[in-house]
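Participant: Below you'll find the structure I mean.
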Amino acid sequence: MTIHSSGLPHRWRALGIAGLLAALAACGGDPAGHGPAAQAPDAAPARVSLIPQPARIEPAQGRFVLTAATPLLAEGEQARTVAAQFAALLAKGRGLAPELAADGAGGEGAIRFAIDPARATGAESYRLDVSPQGVDVVAGDAAGLFYGAMTLLQLATLDDADTVALPALRIEDAPRFGWRGFMLDPARHFWSVEQVKQVIDAMALHKLNTLHWHLTDDQGWRIEIKQYPKLTEIGGCRIPAGDGGIDPASGQPRPYCGFYTQDQVREVVAYAAARHISIVPEFDVPGHATAAIAAYPELGTLDTPLVPSSEWGVFPNLFNTEEATFRFLENVIAEMVPLFPGPYFHIGGDEAVKDQWEASARVQQRMRELGAKDEMAMQSLLVARLEKFLAGHGKRLIGWDEILEGPLPAQATVMSWRGGEGALKAAREGHDVVMAPSGDLYLDYLQTSSPQEPPGRPATITLQQVYDFEPVPAELEAERQGHILGLQANLWTEHTRTFERLQHHMFPRLAAVAETGWTPAARKDYRDFLQRLPAQLRRYQRWGIGYALTPFQVDAVARDERATGTATVTLSNPLDYEVRYTTDGGEPQADSALYSAPLPVTLPATVRAAAFFEGRPLAPARDYAYDAASLRVRSDEQLATCPAAGDLLLRLEDDGPADGERAIFNLTIFYPCWLWSEADLDGVASIKVRAGTIPYYFQLAHDEPHRRFEPARSAHGELDILADGCEGERIASVPLPAAPEADGFVELTAALPQGLSGRQDLCLRFTGDTRPRTWVLDRATLQLR
Ligand code: ACM
């Protein structure tokens, strides 16, 4: 059923970039540069805010004024290409269009791009000199020159003054790591060629150089393979769970489809290469194979047909171990390899639970034939075979760290996602390693605890946590440290349905990844990064890169003091930027009250608050309005979820409407239970709960035993209220209906026993196994006698 949003303010979502700029201008900052931060006409910008921080910056005297008349000089095709890229980006982001001078032109006041192979400072390095007389960007290779141009572009966007004044300086710069990556998952939700190009553009601005493209998974096969057309015809479409998979006009199934043709892949690869980004394709084997097996059932182990999955999680569907299947894998790889000129090919290898191989007599027979002592050894044989096949095609195999569980060819590279252990083991065994630990670098985890976060995994990975991640494990012996190629942030997209949300998850956290990948460890400094970040946000606005506003907004928590008709409001900014507020409904300004301690307010009250940096708001202000009634209401975001074994808390979207905004719910998928800490029960007669349902679209594989569902005591289960937390006494209960009302919700009222008083932890949980749907709590209200 279609469920409508519970009504939390989503004002900023609709703003878009133009609206955001207007809102920021209205807040007292001024994108045109005439506000408090505008520069005097001859001043160089005070702060050289570059991300990633260069290896070395030497300030000098004076400044260079860049105008539309500044000549761009470049000799040779590669340098001219970089100069043209710089000019195009400058025109787009700064509105200045200097021209590329004719070959051989010279002169004062120019920007000169040059490749000098004699520069012996390593791949991707560059030197940038800015003096009042001109700018020189010199590098030993085209990539280094491109990165010099990206730094120059950042110098041209340090502020918003009308005059583009670059501070005189010398930068000597080179990356710390050769692998500075980002993984995009188009299998769960599909991203168009134009959107992938936008990702590439944004990566290039951050000097990231590797895009890992996760092209195959249970939910979708996303690359055209001419020899096997059904991979995309059948494997490229799924019917989304619940209402999301029904056409509202016809009531017929509405498939979710998408794949890249080989021509499109070539186009994207070339686009990336022009920005010095190598694309690593992933064909995930032997697990994550449902879509491929749905297309060609003979590749699987079951007699029953499969469809590309509309559920999330870990699936048991593995490719079988027939010689014909191995040849299929090789044929697919052979078609993919020529499309991707980079050195690496990713064969997945993750989460291949072996239940089907264990259960299949035929697989067991093949294991005996091939001499595999167990299922992991079987996977290792497959990996070894593919490694050899790839080497024969001039490619290096890379796989997720599960490939280490059996013998692994020495040349294989390991992508370590399950913490640091795999990385240590791999490097000690002599493998190269890319660090991509889920606990630090998975961008589908939410970045703040704000109720404004989009769907995702709410085990929060903050900007600081991403920033503080150190790719080289401290325990790793010095002589092995060279095996750490670098780091990569991964963005799985089960819960990311729109490009706006994809960008929200990526930025600003990818800026932190970029700094770790590029900047010498000794030059990293999180506090300093936060000081440089506001300039980067304004670059995002200039180049149309969406980013999360939640880290730059102000969150509020109110505690109601009912006896006195007052409340205490605690304000915070997730990144600890300064918070300023008003209580008279006015827009917070640079000179509004600075928040320093919880605010006592008399009800009704409105608090408007924004986070500021150097006199400018970092995001539109948020309003918090309180009265006695609103303080007795909690949304699911304002409640905790109950502790449960496995504890997989997700922030999930409703399945409808098919188009447009959908409600979002926090749910522990092992236990539908929420906790209202310290609920003020004085005079409370009942609790009203607004509840809805969403599809229970999870495959839990070996985590299934973690599901904790209290048995239902009536036909459809009940809403139980417990006092003193979730192990406390049941004090009220309401039977659940078979389904919510037509609007997707039902209001349930549970009468509470008389005589409750004081503050207590109330636990609200649904009983029964209601799959294929699950109840979700939208809002709870304490009702007075
Ligand atoms: C992974 O997150 N399954 C690599």
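Computed from the coordinates by the stated procedures, all read-outs in this text should not be read as laboratory data. The model shown is predicted, which means the values in this text are computed figures rather than measured ones. Virtual Cβ from ideal backbone geometry, glycine too; neighbours counted across all protein chains shown.
Participant: When 1/r is averaged over all different Cα pairs and the result inverted, which Kirkwood radius in Å belongs to segment 209-315?
Facilitator: Result for segment 209-315, one decimal place: 15.0 Å.
Participant: Okay, next question. What translational diffusion coefficient, in µm²/s and rounded to a whole number, does the Stokes-Einstein relation yield for segment 479-548 at 25 °C and a viscosity of 0.890 mPa s, taking the hydrodynamic radius as the Kirkwood radius over Cα pairs?
Facilitator: 177
Participant: Hey, what's the Kirkwood Rh for segment 300-381 if you take every pair of different alpha carbons, in angstrom?
Facilitator: This gives a value of 14.5 Å.
Participant: What percentages, rounded to whole numbers, describe P(r) for segment 167-214 computed over all alpha carbon pairs with 10 Å bin width beginning at zero?
Facilitator: Calculated over all Cα pairs of segment 167-214, the distribution is 22, 42, 22, 10, 3 percent.
Participant: In addition: Check cross-link reach from residue 524 to the lysines: straight Cα distance under 19 Å, and skip same-chain residues fewer than eight apart.
Facilitator: Candidates past the 8-residue exclusion: 207.
Participant: Ignoring solvent entirely, what values of log10 I(q)/I(0) come out of the Debye formula for segment 560-641 at 0.12, 0.15 Å⁻¹ when each Cα is a single scatterer?
Facilitator: Debye output, listed in q order: -0.37, -0.57.
Participant: With a cut-off of 8 Å between alpha carbons and a minimum separation of six or more residues, what is the relative contact order of segment 99-158 in percent?
Facilitator: Contact order relative to length: 32 percent.
Participant: Can you give the calculated 222 nm mean residue ellipticity of the chain, where each DSSP H run of n ≥ 4 adds -39,500 (n - 2.57) and the sum is split over every residue, rounded to the nearest 500 deg cm²/dmol?
Facilitator: -7000 deg cm²/dmol
Participant: Does segment 678-724 classify as rounded, prolate or oblate by the C-alpha gyration tensor (a ≥ b ≥ c root eigenvalues; a/c under 1.5 gives rounded; else a/b over b/c gives prolate, otherwise oblate)?
Facilitator: It comes out prolate by the Cα gyration axes.
Participant: Same structure again: Cross-link partners among lysines for residue 388, C-alpha distance below 30 Å, same-chain residues fewer than 8 apart left out?
Facilitator: 226, 230, 354, 373, 425
Participant: Hey, if you put +1 on the Cβ of every Lys and Arg and -1 on every Asp and Glu Cβ in the chain, which of 316, 113, 738 ends up farthest toward the positive end of that dipole?
Facilitator: Towards the positive end, the residue furthest out is 113.
Participant: Rounded if a/c is under 1.5, else prolate if a/b is larger than b/c, else oblate: which is segment 691-775, with a ≥ b ≥ c the root eigenvalues of its Cα gyration tensor?
Facilitator: It is oblate, given that a/c is not under 1.5 and a/b is not larger than b/c.
Participant: In µm²/s, what is D for the chain at 25 °C and 0.890 mPa s, where D = kT/(6 pi eta Rh) by Stokes-Einstein and Rh is the Kirkwood radius from Cα pairs?
Facilitator: Answer from the Stokes-Einstein relation: 86 µm²/s.
Participant: With 10 Å bins from zero, work out the P(r) of segment 273-427 over every alpha carbon pair and list the percent per bin.
Facilitator: Using 10 Å bins, I get a P(r) of 10, 39, 37, 12, 1, 0 for segment 273-427.
Participant: What number, in nm² with one decimal, is the all-direction average of the projected area of the convex hull of the alpha-carbon atoms of segment 637-782?
Facilitator: Mean projected area for segment 637-782: 8.8 nm², to one decimal.
Participant: Continuing with the same structure: In whole Å, how far is the Cα centre of segment 580-594 from that of segment 229-258?
Facilitator: Here the two parts' Cα centres lie 49 Å apart.
Participant: Show log10 I(q)/I(0) for segment 70-170 at q = 0.24 Å⁻¹, two decimals, from a solvent-free Debye sum over equal Cα scatterers.
Facilitator: -1.40
Participant: Another question, then. Enter the per residue convex hull volume of segment 541-587, computed from alpha-carbon coordinates, in Å³ rounded to the nearest integer.
Facilitator: Looking at segment 541-587, the number lands at 110 Å³ per residue.
Participant: In percent, how large is the relative contact order of the chain, given Cα pairs closer than 8 Å and 6 or more residues apart?
Facilitator: Computed over the chain, the figure is 12 percent.
Participant: Could you tell me the ratio Rg/Rh of segment 89-244? Both radii from Cα atoms, Rh via Kirkwood.
Facilitator: 1.13
Participant: Could you please rank 777, 158, placing first whichever residue has the fewest other Cβ atoms within 10 Å of its Cβ?
Facilitator: Final ranking by Cβ density, sparse to dense: 158, 777.
Participant: Pairs of alpha-carbon atoms within less than 8 angstrom and 6+ residues apart define the contacts here; what relative contact order does segment 47-188 have, in percent?
Facilitator: 33
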